[in-house]
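One structure is given here, and the rest of the page talks about it.
The numbers here are math on the coordinates, done by the rules we state, and not lab data. A quick note: this is a predicted structure, and the numbers were derived from the prediction, not measured. Positions of Cβ are generated from backbone atoms using ideal geometry, with glycine treated the same way; all protein chains shown enter the neighbour counts.
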Amino acid sequence: MDFGLTDEQQAIRDEVQRFAENEIKPVASEYDEAEKFPHEVMDKAADAGLLGPSIPLEYGGAGYSPVETAIIVEELFAADPGIGLCVSSAGFGAEAIMAFGTEDQKERFLEPITTGDAIMGSAISEPDTGSDVSSVSATAEKDGDEWVINGNKMWITNGSVGDFFVVLCKTDPDASGRYNGFSQIVVESDRDGFQADKITGKLGIRASDTAELILDDVRVPEENLIGTPGGGFLQLMQFFDETRTMVAAQGVGIARGAKERALDYALEREQFGRPISEFQAIEHKLAEMETKTEAARTLTLKSAWSVENRDEQLTALASMAKEFASRVAVEVADEAVQIHGGAGYVNDFDVERFYRDAKITQIYEGTTEIQKNIIAREMKD
């Protein structure tokens, strides 16, 4: 076993860390408070090659492996989860196109992501459909050489700023079997009948755009279908193995960012004539935060390695990493606020924002409860 990073991976980490230090940290609070999408930061991220990093070289990306992408995600989220999500999700949904799309789709939809000329998203959840993906009710009916799409999608990342979305639809309502008859279709946001309503008032990740999508007789060409008709659900399950691993990397980044800020504060804050970092109660908190973060990172990188190598443990590892790292993010952020005391309860310090941001990692891409169901199922198979 080799638990060290290669020279190239370490260089990637160092480069992203510099970018985050210079371009994200100074403006993080501003975008959070305004609930504003950081277009200016995104332009700089495009110049730095950070948008769609896993997209292959031939389509303008860096072609980074899942392990390298997880390293990038951790660094971005350690700086700020809100802007980190904006940067890391610019190509959200691209995995489906890379794995199942045609050459034409890859050229049309992947290249603009890497240059910063477009933002994409994945539209799965609906107002009445969250964890039960097989209950999606949005429909796509064939009319000549076009698909006509109707339905609502909810909680969609990049919803009101995205240029196109990979939309999960029911294309064959008569298909037998609960998981059959679904397809993924690319829908451009400038199509007639497409509407996006931005969702505000979120607990955390406020810089990241979230919206409800309303699709009213939206017509797209038949060549926007990804893969074969009816294969959407299975495509999505493969997609989740990778995206859940990246949510785990988000959790590691949040935990690390909160832990580092807590340590800095403990070294500076004095009580009873000495820094609070010298009190055993604080030392124990910091030790547990460090241990949990390192354990979460190891599990996450193992899951990323499994994605890259299509290991037989992949689905279980992705769910274990996602469940554990998200829990660690919440626990470590909570302790970071505790170490700050009253100062951690106001937005003068970053830990207040990290505390709010951490919770979403236990909800999106499958809740904690769903991950435990998957782990238990995989144990019995």
**Request:** Kindly express, to the nearest 10 degrees and within the range 0 to 90, the angle between helix 66-79's C-alpha long axis and the longest C-alpha principal axis of the chain.
**Result:** 50
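Which whole-number percentage describes the relative contact order of the range 120-230, with Cα contacts under 8 Å and a sequence gap of 6 or more? Working shown, then result.
Values: 259 pairs, mean separation 34.6, N = 111.
Taking the mean separation of contacting Cα pairs over the length of the range 120-230, I get 31 percent.
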**Request:** Using the structure shown, select from 170/322; 153/359; 170/202; 292/359; 44/259; 285/322 the pairs with a Cα to Cα distance greater than 25 angstrom.
**Result:** 170/322; 170/202; 44/259
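Determine, for 301, 76, 286, the number of other Cβ atoms within 10 Å of each Cβ, and report the residues in order from fewest to most. Kindly include the intermediate steps, with their values, before the conclusion.
Numbers: 301 22, 76 27, 286 17.
The order, fewest Cβ neighbours first, is 286, 301, 76.
Using just the helices of the chain, give the 222 nm mean residue ellipticity in deg cm²/dmol: DSSP H runs with n ≥ 4 each add -39,500 (n - 2.57), and the total is spread over all residues, rounded to 500.
Numbers: 13 runs with 186 residues, N = 381.
It lands at -16000 deg cm²/dmol.
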**Asked** Kirkwood-based Rg over Rh for the range 187-249 (C-alpha set), two decimals?
**Response** 1.05
**Request:** Would you please name the trypsin sites (Lys or Arg not before Pro) within the range 142-234 that are DSSP coil residues with at most 13 other C-beta atoms within 10 Å of their C-beta?
**Result:** 178
**Item:** Normalised contact order of the range 1-138, rounded percent, pairs of Cα under 8 Å and 6 or more residues apart
**Value:** 24
**Fill in**
Output ordering of 28-34, 244-250 (per-residue mean of other Cβ within 10 Å, highest first) is 244-250, 28-34
